[in-house]
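Following: one structure in structure tokens, then a few remarks.
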Amino acid sequence: MANPVWQSLAGQQAVIAQLSRPETIKAPAHAWLFTGPPGSGRSLAARAFAQTLQCEQSDLNDRGCGQCQACITIAAGTHADVNIVTTEKVQYAIEDVRDLVTDAYDRPSTGRWRIIIIEDADRMTERATNVLLKAIEEPPERTIWMLSAPSPADVLVTIRSRTRHMNLVIPTVDDVAQLLTSRDGIEPQLAQHCARASQSHVGVARWLARSSEARERRDMIVHLPFTVRSASAAMESADNLHKLVQTEAEASSNDRNTAERARLLRSLGLAEDEAVPPKLRVHIRRMEDNQTARNRRAIHDALDRAMIDLSGIYRDLLVLHLASTATLINEHMRAKLTEYSTTVTAEHCLGALDAINTARQRLAGNVPPQLALEAMLLAFIPRTRRHAPL
């Protein structure tokens, strides 16, 4: 049975077995690359491995106890020798990477290793990656780098060739549901529903299970294909979807932005309603620029999640065309999906999936969201009828 720090990682027994080996813990490689689809637990695996390496237990087989000071502080993100780096911007700034390289040459103060975990390493520009490359090529003696990305192809080949690769798989629905039940106390039936609806994305499944509002928003999104019957309906649905994700992103950002502004004003010695002196305005502008970039990223992520949910609908429709008894992502909508499948062809479903993928690519290329959504939803309009099963 895996040690406690690994118990939040669903369905990754092979990875856990490799990283828990006494030989690995005693003499770890100096650089690691954790890859896997969104929701597979790349960042969780890197943190759990860092806890295992720094754990205060003397027996190698007991490392990763989850109860010692090292394990607790790494979980909280406060360990002096474990730097967990993430960004809410579209890309890492090259200055941030240079600072990390400088930190890498500091000797560990309390732990065995100085560990630097870079989440979403695929967001580094080529220039930033080249800065990091030198530190990985000539690593300090007690420093370990841990990078995470969706796939090896998302980082430069020069980085891939100098890291040890750990590939995480998509966990099963049952694995995710079991995790939600045992870790978060979610009722088993709801856990199973959310695990399936999230397509085994642990973070999204937990969010859906804990928020009835999130489940209601998802329900509105996945019912869009049934309402798009004309160009005017597609335009209206695109507008509604855009507003829905904007509202969701703003709701999650407003409180945080307000608190962030209040903290900055206090640090500058200013009252909430006090005018900002010209010499201090640069700090306010920098904060506002960061908040704008963060809000834009939140909207992009919410749109991408909506498109993944929509792709699940068309995948279910294809399944009904080809194997009507197979389990669906949206099993709770089987009756409605079965009825709708009689009005569209398998070719139409494939075309809709292609339109969703194109929209995701356009959004990644900074096409205005409204335009990308309108083009996508126009492809949802049924144009042919299916008269006989395939």
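Looking only at residues in the range 55-112 that are open to solvent by 20 Å² or more (accessible area, probe 1.4 Å), closer than 24 Å to Lys134 by Cβ and of a type in the set (Asp, Glu), which one is farthest from the chain's Cα centre (by Cα)? Within the range 55-112, the match that is farthest from the chain's Cα centre (by Cα) is Asp106. Taking the numbered list (1) open to solvent by 10 Å² or more (accessible area, probe 1.4 Å); (2) in contact (Cβ under 8 Å) with a residue 40 or more places away in the chain; (3) within 18 Å of Gln246 (Cβ to Cβ) in turn, Thr342 passes all entries but (3). Considering only residues in the range 130-148 that are over 22 Å from the mean Cα position of the chain (by Cα) and of a type in the set (A, V, I, L, M), the one that is surrounded by the fewest Cβ atoms within 10 Å (Cβ to Cβ) turns out to be Leu133.
Among the residues of the range 216-229, those identified as in a helix (DSSP H, G or I) and in contact (Cβ under 8 Å) with a residue 60 or more places away in the chain are Arg218, Ile221, Val222, Leu224, Pro225, Phe226. Does Leu377 count as in contact (Cβ under 8 Å) with a residue 12 or more places away in the chain and surrounded by 18 or more Cβ atoms within 10 Å (Cβ to Cβ)? Answer is yes for this residue.
Here the condition is being open to solvent by 30 Å² or more (accessible area, probe 1.4 Å) and under 20 Å from Ser200 (Cβ atoms); of Glu331, Glu347, it holds for Glu331 alone.
Checked across the range 315-328, the condition of being part of a helix (DSSP H, G or I), open to solvent by less than 30 Å² (accessible area, probe 1.4 Å), under 19 Å from Ala233 (Cα atoms) and at pLDDT 85 or above holds for no residue. Out of Arg127, Arg123, one residue alone is within 26 Å of the chain's Cα centre (by Cα), charged (D, E, K, R) and loosely packed, with under 14 Cβ neighbours inside 10 Å. It is Arg127.
Filtering the range 1-47 down to residues that are of a type in the set (Ser, Thr, Tyr) and touching a strand residue (DSSP E or B) at 6+ places or on another chain (Cβ under 8 Å), which residue is surrounded by the fewest Cβ atoms within 10 Å (Cβ to Cβ)?
Ser43
The residues listed here are Asp354, Asp309; of these, the one that is surrounded by 14 or more Cβ atoms within 10 Å (Cβ to Cβ), closer than 29 Å to Ala195 by Cβ and of a type in the set (Asp, Glu) is Asp309. Scanning the range 58-114 for residues that are without any contact (Cβ under 8 Å) to a residue 12 or more places away in the chain and either assigned to a loop (DSSP other than H, G, I, E, B) or among the polar types (S, T, N, Q) (or both) turns up Ser58, Asp59, Thr73, Gly77, Thr78, Thr102, Asp106.
Checked against the criterion of being surrounded by fewer than 16 Cβ atoms within 10 Å (Cβ to Cβ), touching a helix residue (DSSP H, G or I) at 6+ places or on another chain (Cβ under 8 Å) and of a type in the set (Gly, Ala, Ser), the candidates Ala271, Ala293 yield just one match: Ala271. Looking at the range 88-95, can you tell me whether even one residue there is in contact with a strand residue (DSSP E or B) (Cβ under 9 Å, 6 or more places away or on another chain) and among the small types (Gly, Ala, Ser)? Within the range 88-95, none of the residues are in contact with a strand residue (DSSP E or B) (Cβ under 9 Å, 6 or more places away or on another chain) and among the small types (Gly, Ala, Ser). Give me a count of the residues in the range 196-251 that are within 16 Å of the chain's Cα centre (by Cα) and open to solvent by 30 Å² or more (accessible area, probe 1.4 Å). The number of residues fulfilling the criteria is 5.
Out of the helices (runs of 4 or more DSSP H) lying entirely within the range 117-215, which hold 3 or more residues that are among the hydrophobic types (A, V, I, L, M, F, W, C)?
Per the criteria, 126-137, 173-184, 188-197, 202-210.
Per-residue answers, yes or no, for (1) modelled with pLDDT under 85; (2) of a type in the set (Ser, Thr, Tyr):
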site	(1), (2)
Arg217	no, no
Ala234	no, no
Ser237	no, yes
Lys243	no, no
Glu250	yes, no
Gln291	yes, no
Arg294	yes, no
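One residue alone among Lys279, Lys336 is within 31 Å of the chain's Cα centre (by Cα), over 22 Å from Ser200 (Cβ atoms) and open to solvent by 30 Å² or more (accessible area, probe 1.4 Å), and that residue is Lys336.
The values are calculated or read from the model by the stated rules, or taken from the named source; none is laboratory data. The shown structure was predicted, so the numbers you read here are calculated from the model rather than taken from an experiment. Here Cβ is always computed from backbone atoms with ideal geometry, including for glycine, and neighbour counts include all displayed protein chains. Accessible surface areas use protein heavy atoms only, side chains included; no ligands, DNA or RNA. Shrake-Rupley method; radii C 1.70, N 1.55, O 1.52, S 1.80 Å.
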